[in-house]
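The block underneath contains the structure these notes are about, expressed in structure tokens.
The values are calculated or read from the model by the stated rules, or taken from the named source; none is laboratory data. Not measured: the values here are computed from a predicted model. All Cβ positions, glycine included, derive from the backbone under ideal geometry; neighbour counts span all protein chains shown. Side chains included, ligands, DNA and RNA excluded: accessible areas come from the protein's heavy atoms. Shrake-Rupley method; radii C 1.70, N 1.55, O 1.52, S 1.80 Å.
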Amino acid sequence: MASVHESLYFNPMMTNGVVHANVFGIKDWVTPYKMALLVLLSELGRAGAQLGLLERRRLNRLLLPLLQGPDMPLSRLRKAIEESCPHLAGSVHIRLKLMAEGELKDMEQFFDDLSDSFTGTEPEVHKTSVVGLFLRHMILAYNKLSFSQVYKLYTALQQYFQNDEKKDGIDESDMELTNTEELEGKMEKEELDAPLREEEISCNGPLSQKQAEYFLSQQASLLKNDETKALTPASLQKELNNLLKFNPDFAEAHYLSYLNNLRVQDVFSSTHSLLHYFDRLILTGAESKSNGDEGYGRSLRYAALNLAALHCRFGHYQQAELALQEAIRIAQESNDHVCLQHCLSWLYILEQKIFDSCVLLEHSVNKSLHFGLPYLASLGIQSLVQQRAFAGKAANKLMDALKDSDLLHWKHSLSELIDISIAQKTAIWRLYGRSTMALQQAQTLLSMNSLEAVNVGVQQNNTESFAVVLCHLAELHAEQGYFAAASEILKHLKERFPPNSQHAQLWMLFDQKIQFERAMNDGRYHIADSLVAGITALNSIEGVYRKALVLKAQNQMSEAHKLLQKLLIHCQKIKNTEMVISVLLSIAELYWRSSCHTIALPVLLQALALSREYSLQYLASETVLNLAFSQLILGIPEQALNILHMAIEPVLAHGAVLDKGCAMFLVAKCQVASAASYTPQKKVEALESAILNLNEAKTYFAKVDCKEQLRDVLYFQARLFHTLGKTQERNKCAMLFRQLHQELPAHGVPLINAFK
């Protein structure tokens, strides 16, 4: 056995029986756990043909995570082996017991016998296989130990085995004191606690370089694709601090720390970790050249670029611009076109905060295609489509552009961008008011993600695209009155994206909005008012708008008008056209309630012009319905009926259930008002048609539990039945009206002073 002088390595130490040094010196070392794995491999070779095909397959599948993963207690290792082959688990335990309770020479003989696995014309293990490389690393690491280190390793093995024996003794005493039901509960608890491996990692000293690399790559993949299966931010940071304690220059650990700090929005720690990552990247010698693409200049420019992205994410646009200018300067000096294209994309994002310009983005897309950067080109096309959607471009042109980007995705197998593209289509159809098309796109993405596995046991269904689509799906179900289904979707979202995850704010906002709409429909304005604070915290514009809706419902007209005017000015400044139109419609309703009907018309015409200019079909239809209501109030119901036929079809096809009910109620009002000038026979037909429309409106309102609108419909139906002389139907409607009228606050029956 050759000894290794410990002073050759930085920070050499011996902890928990683990003989190790810094990863720059020794990449792997022998631990009691790895000795248990060596015993398992030895017994597996001895068993040979005695093992069945199914047992051998199970053991082969088990070996790779055992070899790559961190050290674990012997009890957990035995349990894992027992699940695959109980007979082999007993042999491993007996072999370890003989070695731990024997003498030091037994352990030495064991390592000497390991070399026999490679001998013979048909060796048990090939030298270049995964198992063969592991055996050779362990034999080499053991041969490098000094005598004192070998003795400490043997002592650690005895302690490792004794800890398992003590645990078995405690378990046996517990079994004698507990009944069968308590034992089953304990086993279930142990199975639930099994994935918490961070405690086991910490108590077994430092990881080897290969174990550390496997741990980092696994956690980074989980953070990207399935954050819920990754360690919690606190646990992951604890493990990273443990890694960096033994090797402060481990660059990849600093970068994972940067990603972990982004999860909790810690700007100071994330900046600190990012800078340390690029510093260590240069110090490790991976980028030791002073020029060219592989020099430390590359690290410097990408460090500045990542720093700019970090500041942009936290809203520090001035600092982001300075860092981006530094990255552009270094990239130009090094003639790095790839880095310059990334800088150009981020420059567009920064300038978008100031003014809308497609020039930079179009130039970035063309250059990215020229330099063979399909990922960056596709992201540019997605951003361009999003900007032009907000600018009111036709939907067919946007879908053609997305089709071109989809060709890039499928050609280069960019699965993540395929998901983003489908989520983008869902959002665009929602923006244009085509809920059926949005539902189709959402279901397409959900079906795709349920089939595509990114890694073993991990599916790429916890990305931002998946969260966006599920949120739209929940809102679509809520709009159609399927609140139970919407609750199930939100429950699923809460499980997939816990409150501490980075995409949790998406479902939080949609959850609050759905609860707000239900409270408003049910007339519980105090509950709706309590939800405004939560919506404002997640989206200030949505919060202010809903506060104005609550004030309007509570008949606080002046306060609501002031709030809406301030919101209108702000939304016009930031060019949020969709919200501008919604605010204009609410202001028009305030004018109706204040009997200023003529003042409401210019406001509605302004909203109609904006909705048509920006191709917002559903908002345009809703604006036309409001114009029809204005004409009804002004005494021209025939003209109102004529324009209703223009707008009611999109509402019935793509609108929410509440809007469908309001539209049918408005049609019935216009029919009744127009019937005043008809002949008696034609008037009866018009009133009967109005009753049918009221029945349809009543069905829609009942679906969303909108009691105030139901009360108005019942009152209106009772009056029509009375006019037609149908006493039985009139009495039934009157009875239902009285029941609702006693439940709701009495503030009159507003039949024609409000559209909704």
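Backbone geometry of region 712-719 corresponds, through the Karplus equation with coefficients 6.51, -1.76 and 1.60 at θ = phi - 60°, to 3J(HN,Hα) couplings of 5, 5, 5, 4, 5, 5, 4, 5 Hz, x marking Gly and Pro. Largest accessible area first, the listed residues LEU67, LEU53 line up as LEU53, LEU67 when surface is computed with a 1.4 Å probe on the assembled protein chains.
Karplus-based coupling profile of region 662-675, in residue order and whole Hz: 5, 5, 5, 5, 5, 4, 5, 4, 5, 5, 5, 5, 6, 5, with θ = phi - 60° in 6.51 cos²θ - 1.76 cosθ + 1.60 and x standing for Gly or Pro. Of TYR715, TYR525, TYR348, the residue with the largest accessible area leads and the full order is TYR715, TYR525, TYR348 (1.4 Å probe). Projecting the Cα atoms of ALA519, LEU584, LEU538 onto the charge dipole of region 491-640 (Cβ charges, centred on the Cα centre) puts LEU538 farthest toward the positive pole. For region 332-448, the Cβ-based charge dipole about the Cα centre amounts to some 500 debye (Lys, Arg positive; Asp, Glu negative; other atoms uncharged). Which pairs in the list LYS97/LYS152; LYS552/LYS707; LYS224/LYS425; LYS660/LYS703; LYS393/LYS425; LYS229/LYS494 are over 20 Å apart, alpha-carbon to alpha-carbon? Where the Cα-Cα span goes over 20 Å, the pairs concerned are LYS224/LYS425. Look at the Cα gyration tensor of region 518-560: its axes a ≥ b ≥ c give a/c of at least 1.5 with a/b at or below b/c, and that counts as oblate.
Legend: residues TYR154, TYR618, sorted from most to least accessible area (1.4 Å probe; ligands, DNA and RNA excluded), read TYR618, TYR154. Residues whose amide H comes within less than 5 Å of that of VAL30, counting only those at least five positions distant or on another chain, are VAL19 (H built at 1.01 Å from N in the peptide plane).
Oblate is the label for region 611-756, because the ratio a/c of its alpha-carbon gyration tensor axes (a ≥ b ≥ c) is 1.5 or higher and a/b is not greater than b/c.
Could you tell me which of rounded, prolate or oblate describes region 35-161, using a ≥ b ≥ c as the square roots of the eigenvalues of the alpha-carbon gyration tensor, with rounded for a/c under 1.5 and, failing that, prolate when a/b is larger than b/c and oblate otherwise? Oblate. The 3J(HN,Hα) values that the Karplus relation (6.51, -1.76, 1.60; θ = phi - 60°) gives for region 572-585 are, in residue order, 5, 5, 8, 6, 8, 5, 4, 6, 4, 5, 4, 5, 4, 5 Hz. Gly and Pro appear as x. What separates the Cα centres of region 302-358 and region 680-697 is a distance of 64 Å.
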